[in-house]
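Read the figures in this text as sums done on the coordinates, not as results from a lab. Here the structure is a predicted model, which means the values were calculated and not measured. Counting neighbours? That spans all protein chains shown, and the Cβs are built from the backbone with ideal geometry, glycine included.
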Amino acid sequence: RKASNLKIRAGMETQEMALLFSASTKEMLFMNPRTGTYISCHVTGDFTANTDVVIAMTVTSSNDIYCLTKKLRNDGRLSLLVYNHLRNMWEYESSVYRFAIADRPDEECLVEADGQLYYLAVSHRHKVDTIVRIKRHNRHTDQWAECSQLLIINNWNAQVGKAVSCGTHIYFITGREMHRYHPSKDQWCKMAAPIIDPYINTAIGTTTEIFCESDDLGEMYLYDTVSDRWKKLPDWTFPQEEPYQNMESDYSVYFVLEGQLHLLTGFSNDVHSGTISYACQLCVLDRSKRVWTDLKVPLQNACCLWRPNVHPVARMYLPCLNTNAIDVQNTANP
């Protein structure tokens, strides 16, 4: 394997940045709203813009950025690509076969737990039972091994669910149940039942906590992995400014940047108005004041942004990004 992860050394001009991917233009946006840095780059390397589709993406504890892609004409096999920081390009790492066509996944994700990569495929069978299948990648042998699957019976009134990596475990959350996967034991166990609205917009794990947002914007729940307890967080003050007041929320995605929880929400206007318009709102949470602050980030092509469970965050080497940047903005105060 080629060296690709960025080893942080003294004097290197690095910055922690959130990674957003454009599903239509095949560009990546690296951003840090606090410093006002927004860098957009073309995806290059072992990635073909016209035929490859991004399925999932994650950043490991060693700062490696991985993504799973599929070919438009051959969706039975997924390619695992790793981002080379110094060359600013994607490189082929491995391939993994999807599960049986009869059980085509409703949702797929890529996570790291206990130092290893896992590919998860979630199927909501007959809109009644939920099946979570999982494969573990061995980087030394480049083999994918199937692990214990999770079956949730009579999950009829819940969505497909969200998979979250937190600490050394993987958690799978629906509106009715939560299960934890223990990598070293290859076992699932049932945890405390959530107190969430059956539909979860987004969820993210930190060191010992999991944040969830319900289908009702602003309803937030917190799960403590140590005590195995859920609690509903107090109502947060959420900015409702133009143009979002007259638009509907399409999706929400969490990410944690520089230790602060961020929420990216996509909006669209009423289709009956004749003209459809889109907008994105990025907010940061102040937990002590229980207030969301609109960062007023001008995100272009909001309708084309890829919508994962969580936007990855990594430390990026800025000189390499600037070399191939399409549009570099820095609005930070000098």
>> Past 24 Å, Cα to Cα: identify those pairs from K71/K185; K70/K162; K135/K190; K70/K190; K232/K289; K162/K296, in the order given.
In response: K71/K185; K70/K190; K162/K296
> If each of H140 and S95 carries a label point 7 Å out from its Cα toward its Cβ, how far apart are those two points in nm?
Replying inline: 2.5
>> Per 0.36 nm of contour for each residue apart, how much would the distance between A193 and E219 grow if the chain were fully extended, relative to their Cα-Cα spacing?
In response: 7.7 nm
> Between T44 and R125, what is the label-to-label distance in nm when each label sits 7 Å out along the Cα-to-Cβ direction?
Replying inline: 4.7
